[in-house]
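This report refers to the structure that appears directly beneath it.
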Amino acid sequence: METIRLIIVAVGGQGNLLASKVLGEAALISGVPVRMSEIHGMAQRGGVVESAIVFGDAKSSIISDGEADILLGFEPAETLRAINRCNKKTMVITNTATLMPFTVAIGRGIYPDVENVKELLRAKTAGLVSLDAMKLAKEAGSPMSVNIVLLGALIQTGVLGFSKENVIEAIRRRTKPAFLEKNLHAFELGMKAAQLS
Amino acid sequence: MHKLLNDSPGDKIMLLGNEAIARGAVEAGVAFATTYPGTPSSEISLNLFQMSQESDLYFEYSTNEKVALEVAAAAANSGLRTFCMMKHVGLNVAADPLMTLAYVGVTAGMVILTADDPAMFSSQNEQDNRYYAKFGGFPMLEPSSVAEVKEMMKDAFELSESLGQPVLLRTTTRINHSNAFVTFGDIKKPDIQGRFIRDPHRCVTVPTVSRGLHVKLLEKLEKAGQLAESSGFNFVQGSGKFGIITNGVSFHYVEDGIKDLGIEDKTSVLRMGFSNPLPGKMIKAFLKGCDKVLVIEEGEPFMEEAVKAFAQEEGIVIPINGKSKELFSRLFEYDPAMVREKIANYFDIEYTPAPKMDITDIPEIPIRPPNLCSGCSHRATFYEVKKAAKEMDMDIICPTDIGCYTLGFLPPLSMGDFVICMGSSVSSSCGFSKATDQKVVSFIGDSTFFHSGITGLVNAVFNNHNFTLVILENDITAMTGHQPHPGVDMMRHGFDTHGRINIEKIVRALGVEHVSVVKPFKVKKSIDIIKQALEFKGVSVVISQEPCALYAKGLKLLKPKAFMVSDQCTDHKDCINTIACPSFYVEDGRVNIDADTCVGCAVCAQICPENAIRPLKK
Ligand code: SF4
């Protein structure tokens, strides 16, 4: 199968590693080869966490700059920071809910305007889907479900070619049973938001 | 049941590289495992630790890597399959036993895993540990993928047993921290009852014995070299006059690159997986079939230099290249696009790299460095030492050490001036205090103190140095993911099988004359006590005791009680500017505390000159 390269960027604690695991499981269910690599050295200390997921026949498990087919950003400034991983054909999906880096609080940087972030992402890539995943996660009953909302948006775009059923099955297998209902709700809300976006 | 103890061969599950390694050890029938944790190797030991609680496996977190290797060496000389794992710089600590264990060898399979970290995602250097295999005289295996490393573990034990020699298995971060599907194989039931058979002419390395052992070592290496010639881990893929010799993760970048460039029918790739001793015959035969050869290996030119030497022996005069200004670097890690481009350049293949994304109009995005957690006791201790020194008008140098607290060097705390390796805070303080007339205050964590801080402190007392050592006792090895250490109360984790060592008693027993204990969340009191320690001429030790907040939260020992900023705040932002707790944020110019992340350590409340920070009433 054709290779699809997905990069997920997030802030430590946002649950992107779980999102990657769900996608890995969905790939297994769908019979698609997959390899992933993650950088999570100081994740719990609030740093940036990145996972690279390669679907299809390529052998490498990392993704070079400019070679992501999809960029999924859990935080708008982090999505923009990862723009060098994209090219003109990259599809970008981003959460618009911000998490201020501490450097902003102590006056060592200015957080970019989110509308401007969206404009830049749109202008430089093939397309942008943006949604307030935090708001939707809360609506689904748990702010912890931001990752699943964003998965919903990703699946809605259809770029990965995974069926909704397979991803739901993967969520079932990989997330805690106590959160399943909220997660499934979050997934639906994410899909719907991407459809409207 | 632990997922890696699953006894249904054929099951396919997604595993992290480190989980695949642990599973490989189990499938190989490992009986005995030791480690000192270190990223990127830590999840291997974490899984073995968990599995040891449900199986016959003996596992221990040893005091440091040297101890871990010595403990393991005894087990492997008592007939038990033994696994000892560590990060690359850990092998430096273990280098002393390593070099002579090479002479002594083992009576059962022993695998020593070194997790190298090209690009230094979480390390102080990016040394290439393949040289240890050559330096000491060990057969070495290097996997290219997560699935391969599980299989390689089993072969490594077999190989070690057949030679009576420990095998070095070398991974890099991109193996340890990648995920892929792995198929479970059979689990071999371990032999767990060892027996040591006395053999002083092999095991007691006095000079006369060692002279004989060195001869034997060279014989073993010769045999290993023959095995490398026929090992399934060394293979040629494809055919053609363009030759590429590669190892590790680079192999897959090469495979992808050749395919993308459409030169599959012109290129032969020699993948080295059994890479010490290198199979000379195989390499020479490969070179003879090529017009031009490119060696692609991250790190040092380990293979390249050997390949050039083999070519010289054989009188082969084709171009052989690898590391050069135009080609590959000795720095950092490689990636698929870089490898593709260099291959194209070297073999003159037409190739236009995709244009780079223009990012000149992207605004500067504020950096997001990792930060000590909300409620981390280190933040309080750093603040207190800084404040005490300032009030005493002291210009201090702060050697620090390796752990979460290394992050204290970042502003605004800016506490940390020198760090080279585990334990160096204490010994370098000895040097700074003699070489300068500046006051020296150094920091070391509890786990690091046990690892290699104690010897430095012995030195300080004996040689009568003059500095203050602050021991940050937070009851866990926090940075690598919360592993126990000798000062931890193992009863808290449900083990009644461990001893516990009291840091204060050790420090006093070493003869340190000025020893004090502070509770860092009592700010004023701590500052007063620290001042007395700073005043003392000679070695003084301050032990700052407070459990790691992240860990305590996980164990439910800490029940967060959030604070808030009241109207009394007059906006001078002392709190933010001095301690930089990540729970602070500024909204419409006013300081706020995020109630979801604040754990209620109340340090900021004690610093605020307006007493504006108060417990949040629910
Ligand atoms: S993990 Fe523990 S020691 Fe490390 S920064 Fe967080 S609270 Fe501090």
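The values are calculated or read from the model by the stated rules, or taken from the named source; none is laboratory data. Here the structure is a predicted model, which means the values were calculated and not measured. When we count neighbours, we look across all protein chains shown, and the Cβ atoms used for this are built from the backbone with ideal geometry, even at glycine. Protein only, heavy atoms only, side chains kept; ligands, DNA and RNA dropped before computing areas. Shrake-Rupley method; radii C 1.70, N 1.55, O 1.52, S 1.80 Å.
Each Lys and Arg contributes +1 and each Asp and Glu -1, all at the Cβ; summed about the Cα centre of the stretch B:268-317, the dipole is approximately 280 debye.
Measuring only protein heavy atoms, the 1.4 Å probe finds B:Lys266 accessible over about 100 Å².
Think of the protein assembly as shown as having a plus end and a minus end, set by charges on the Cβ of Lys, Arg, Asp and Glu; of B:Ala224, B:Ala309, B:Leu4, B:Leu4 sits farthest toward the positive end of this dipole. Looking at chain A, the pairs of alpha carbons with a distance over 31 Å make up 11% of the total. Measuring max minus min along each principal axis, the C-alpha atoms of the stretch B:563-615 give extents of 23, 23, 20 Å (largest first).
Rounded to the nearest 100, the interface formed by chains B and A buries 4400 square angstrom of accessible surface, both chains summed, with a 1.4 Å probe. For the protein assembly as shown, a simple Cβ point-charge model (Lys and Arg +1, Asp and Glu -1, everything else neutral) yields a dipole of about 1220 debye relative to the Cα centre.
Return the FRET efficiency for the residue pair B:Asp393, B:Lys519: r is the Cβ-Cβ distance, R0 is 22 Å, and the value is rounded to the nearest 0.05. Rounded to the nearest 0.05, the efficiency is 0.25. Computed from the Cα positions only, the extents of the stretch A:93-175 along the three principal axes stand at 46, 31, 19 Å, in decreasing order.
If you average the sequence gap of Cα pairs under 8 Å that are 6 or more apart and divide by the length of the stretch A:1-67, what percent do you get for the contact order? It rounds to 44 percent for the stretch A:1-67. Largest first, the extents of the alpha carbon coordinates of the stretch B:473-618 on the three principal axes equal 53, 42, 25 Å. Using the Cβ-Cβ distance between B:Leu555 and B:Gln438 with R0 = 45 Å, the FRET efficiency computed as 1/(1 + (r/R0)^6) comes to roughly 0.65.
For the stretch B:377-554, with all protein chains in place and a probe radius of 1.4 Å, 55% of the accessible heavy-atom surface sits on carbon or sulfur.
Computed on protein heavy atoms with a 1.4 Å probe, the accessible areas place A:Leu23, B:Leu46, B:Leu331 in the order B:Leu331, B:Leu46, A:Leu23, largest first. Averaging 1/r over each pair of different alpha-carbon atoms in the stretch B:377-554 and inverting the result gives 16.1 Å, the Kirkwood hydrodynamic radius. A simple spin-label model places pseudo-atoms 7 Å from Cα toward Cβ; at B:Asn463 and A:Ala126 they are separated by 6.3 nm. Dividing the summed -39500 (n - 2.57) terms of all DSSP H runs of n ≥ 4 by the residue count of chain B sets its mean residue ellipticity at 222 nm at -11000 deg cm²/dmol. Summing charges over neighbours of B:Pro353, with a neighbour being any other residue whose Cβ is under 10 Å away from its Cβ, gives +1 when K and R count +1 and D and E count -1. Residues of the stretch B:324-355 that bury at least 20 Å² of accessible area once all protein chains are present, compared with their chain alone (1.4 Å probe, heavy atoms only, ligands and nucleic acids left out), are B:Asp335, B:Pro336, B:Ala337, B:Arg340. Compute the Rg to Rh ratio over the stretch B:235-346 from the alpha carbon atoms, using the Kirkwood formula for Rh, and round to two decimal places. Ratio of gyration radius to Kirkwood radius: 0.92. Just how far, in whole angstrom, is the stretch B:208-282 from the stretch B:388-431 if you go by their alpha carbon centroids? When both Cα centres are located, 45 Å separates them. For the stretch B:293-390, the square roots a ≥ b ≥ c of the C-alpha gyration tensor eigenvalues yield an a/c of 1.5 or more together with a/b not exceeding b/c, which makes the shape oblate. Quotient of the Cα radius of gyration of the protein assembly as shown and 2.2 N^0.38 Å, N being its number of residues: 0.99.
Among residues other than B:Leu557 with Cβ under 10 Å from its Cβ, the summed charge is +3 (Lys and Arg +1, Asp and Glu -1). Cα-Cα pairs above 20 Å in the stretch A:1-64: how many percent? Distances greater than 20 Å cover 26 percent of the Cα pairs. Each pair of Cα atoms in chain B enters the Kirkwood radius, and Stokes-Einstein at 20 °C and 1.002 mPa s then converts it into a translational diffusion coefficient of 80 µm²/s.
Annotation: B:Met491 carries an accessible surface of approximately 130 Å², with a 1.4 Å probe and no ligand, DNA or RNA atoms counted. Taking only Cα atoms and a 10 Å spring cutoff, compute GNM fluctuations for chain A and point out the largest among A:Gly15, A:Gly107, A:Gly46. Among A:Gly15, A:Gly107, A:Gly46, the largest mean-square fluctuation in the Gaussian network model of chain A belongs to A:Gly107.
A simple count of charges around B:Val385, restricted to other residues whose Cβ falls under 12 Å of its Cβ and scoring Lys, Arg +1 and Asp, Glu -1, yields +4.
What is the mean projected area of the alpha carbon convex hull for the stretch B:3-230, to one decimal in square nanometres? Mean shadow area of the hull around the Cα atoms is 11.7 nm². Across A:Arg174, A:Arg122, A:Arg108, mean-square fluctuation computed from a Gaussian network of chain A (C-alpha pairs under 10 Å connected) peaks at A:Arg108.
Using the alpha-carbon positions of the stretch A:137-193, Rg (one decimal) and Dmax (whole number) come out as 10.3, 30 Å. Scanning chain B for long hydrophobic helices, with DSSP H runs required to stretch 24 angstrom or more by C-alpha along their axis and to average at least 0.5 on the Kyte-Doolittle scale, returns nothing.
Which values of log₁₀ I(q)/I(0), to two decimal places, follow from the Debye formula for the stretch B:366-455 at q = 0.13, 0.16, 0.26 Å⁻¹ with a uniform point scatterer at every Cα? Result of the Debye calculation: -0.43, -0.64, -1.37. Ordering A:Ala52, B:Leu278, B:Phe521 by Cα displacement along the dipole of the protein assembly as shown toward the positive end leaves B:Phe521 in first place; charges were set at the Cβ atoms of Lys, Arg (+1) and Asp, Glu (-1). The overall shape of the stretch A:96-139 is oblate: from the C-alpha gyration tensor, with semi-axes ordered a ≥ b ≥ c, the ratio a/c is 1.5 or greater and a/b is no larger than b/c.
In a reduced charge model with +1 at each Lys and Arg Cβ and -1 at each Asp and Glu Cβ, chain B shows a dipole moment near 1400 debye about its Cα centre. Computed over the stretch B:494-583, relative contact order equals 22 percent, with contacts defined as Cα pairs under 8 Å that lie 6+ residues apart. When both bridge partners sit in the protein assembly as shown, DSSP labels roughly 35% of those beta bridges antiparallel. Note on B:Lys559: accessible area approximately 150 square angstrom, rounded to 10, probe 1.4 Å, nucleic acids and ligands left out. Per residue, the accessible area of the protein assembly as shown comes to 41 Å², computed with a 1.4 Å probe over protein heavy atoms only.
Convex hull volume of the C-alpha atoms in the stretch B:75-187, normalised per residue: 98 Å³. Using a cutoff of 8 angstrom between alpha carbon atoms and counting only pairs six or more residues apart, the relative contact order for the stretch B:235-346 works out to 34 percent.
For chain B, build the charge dipole from Cβ charges (+1 Lys, Arg; -1 Asp, Glu) around the Cα centre, then report which of B:Gly136, B:Val541, B:Asn47 sits farthest towards its positive end. It is B:Val541, whose Cα lies furthest towards the positive end.
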